1. May I ask you to verify whether V143 is crowded, with 18+ Cβ neighbours inside 10 Å, part of a helix (DSSP H, G or I), more than 14 Å from the chain's Cα centre (by Cα) and touching a residue at least 24 places away in the same chain (Cβ under 8 Å)?
2. Looking at the stretch 110-133, I want the residues that are on the phi < 0 side of the Ramachandran plot and have a partner that is of a type in the set (F, W, Y) and surrounded by 18 or more Cβ atoms within 10 Å (Cβ to Cβ) with Cβ atoms under 7 Å, at least 6 apart or on another chain. Which pairs are those?
3. With respect to N116, is the statement that it is among the polar types (S, T, N, Q) and either touching a Cys at 6+ places or on another chain (Cβ under 7 Å) or at pLDDT 90 or above (or both) true?
4. Among the candidates L267, L238, single out the residue that is touching an Asp or Glu at 6+ places or on another chain (Cβ under 9 Å), farther than 15 Å from S156 by Cα and of a type in the set (A, V, I, L, M, F, W, C).
5. Restricting to the stretch 220-247, give me the number of residues that are in contact with a strand residue (DSSP E or B) (Cβ under 8 Å, 6 or more places away or on another chain) and hydrophobic (A, V, I, L, M, F, W, C).
6. Can you tell me how many residues within the stretch 159-184 are in contact (Cβ under 8 Å) with a residue 60 or more places away in the chain and not charged (D, E, K, R)?
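The values are calculated or read from the model by the stated rules, or taken from the named source; none is laboratory data. Keep in mind it's a predicted model, so treat the numbers as computed, not measured. Here the Cβ is made from the backbone with ideal geometry for all residues, glycine too, and neighbour counts use every protein chain on show.
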Amino acid sequence: NAVEDYGNNMGFTQAFKIIIFLAILVSLSWDMKCQSTRESRDDRSPSYPIAVISNCEIEGYVHKSQGSLDGLSATELFQELVKEQAFHKFYTWSHPDHDNEYMSILGGRIRMHGLNVLKILVGAINEYDPKNLSLCADASLDVAADIAVAVDREHSRIRSVPEGKALIESLERKVDEMKKAGFDRPNDSLGSKLDLYQIYLEELKGLNETDKAISDTFWIKKKIKMTQSELNEFSKFLTTRNPNYPSWSKTEFIKDTTRVNEAGNPLQVFVLTSPQSFFEAYLIFKKGRSRDQSAPAPVRTNKMEKFERRRK
């Protein structure tokens, strides 16, 4: 029996050793695969060196008080938001208490500066180098692009001023540089970033979320169905006559029971809470189109004069 027990123990020990050996082989194989994947993606994956992190000053970073924020300039608010964005990117899991509330506060304060913040954003976009990625630069570009789109949606169409045109041109150049750097690959985080900036460019150069809200509001409130072509023309009309039209009204998210999505559920859309000024502008727009098609001589109206005065 002793011999039999010894044999059984030896058999168990040998089997255990074999299992450990196989586990080590699997682990080594996985490490080699991961290393190979990392090496093959070095030219596409962001690199966040410690030097850059210290330059962003996010080590020991804490939120400023509301009183401290009151005295910050637009540039300082932008820098603070970049730090917060970088902090989120680097410390997402270890500091879950840093949520989006502070970012929203900072973003709201920056957007209050309106078009005056565009020069700061252009500088941040120009500094971004897709071939030399860093935490700080990545956060800075994200913040600059997000603020530009927010100002365009809530304050004024940025393409109506030289600084806004410069920003659009800068972002276009960076998108081209990203493509050359290999960002345009499917199922990749950098590919998603590139896709987002291309969507932003389409919006800044064409129809933005305010324009879409105008179209949905006209249908829901007045049963006016605008074609894509007409909406484009109306957007250009508003941008030329009064580029700050996005500030005329806030929006709210509602269910449109008159239309359904592919699943058969009511569409969920943003609509204007104060649409009257847009209705008045649309009447002027429609009369202008009718005159262009019938009579060459324009006739000014009281409503047109009132509309023109809004530009001032």
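1. no
2. I110/F78; I120/F78; P130/F183
3. yes
4. Of L267, L238, the one residue that is touching an Asp or Glu at 6+ places or on another chain (Cβ under 9 Å), farther than 15 Å from S156 by Cα and of a type in the set (A, V, I, L, M, F, W, C) is L267.
5. Adding up the residues that qualify gives 1.
6. Number satisfying all stated conditions: 5.
Let's see how each residue does on (1) of a type outside the set (G, A, S); (2) buried (at least 16 other Cβ atoms within 10 Å of the Cβ); (3) at pLDDT below 90:
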{"position": "Y91", "(1), (2), (3)": "yes, no, yes"}
{"position": "H98", "(1), (2), (3)": "yes, yes, yes"}
{"position": "S104", "(1), (2), (3)": "no, no, yes"}
{"position": "I110", "(1), (2), (3)": "yes, yes, no"}
{"position": "L133", "(1), (2), (3)": "yes, yes, yes"}
{"position": "V149", "(1), (2), (3)": "yes, yes, no"}
{"position": "G164", "(1), (2), (3)": "no, yes, no"}
{"position": "L167", "(1), (2), (3)": "yes, yes, no"}
